[in-house]
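Read the figures in this text as sums done on the coordinates, not as results from a lab. The structure presented is a predicted model; accordingly, all values stated were derived computationally and were not measured. Note: ideal-geometry Cβ built from the backbone for every residue, glycine included; neighbour counts use all protein chains shown.
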Amino acid sequence: MTPEEQRDLHEDSAQLAYQAIKFSPLFRLLTNDQADALAEEIAKKIDARLAVLIDEELDRVEAQKAAA
């Protein structure tokens, strides 16, 4: 993945995190800056978790192909 693609994916993760925060009870307790900062932190976790899930799926598909 290119740096630009990684940046785009992270922006999508941050937007997803922000929307989830916005529609939760947590949003009422945060300032806009706090919500933005929290969305950024959650986006980093989303990015990391997606990388793990994709690696696991890649391993599974490769093992399945090797067994065939």
Members of the range 28-61 that are part of a helix (DSSP H, G or I) and polar (S, T, N, Q): Asn32, Gln34
Candidate set: the range 11-68, residues that are of a type in the set (Gly, Ala, Ser) and touching a helix residue (DSSP H, G or I) at 6+ places or on another chain (Cβ under 6 Å); chosen: the one farthest from Met1 (Cα to Cα): Ala35
Out of everything in the range 1-36 that is over 13 Å from the mean Cα position of the chain (by Cα) and surrounded by 14 or more Cβ atoms within 10 Å (Cβ to Cβ), what residue ends up being farthest from Arg49 (Cα to Cα)? Leu30
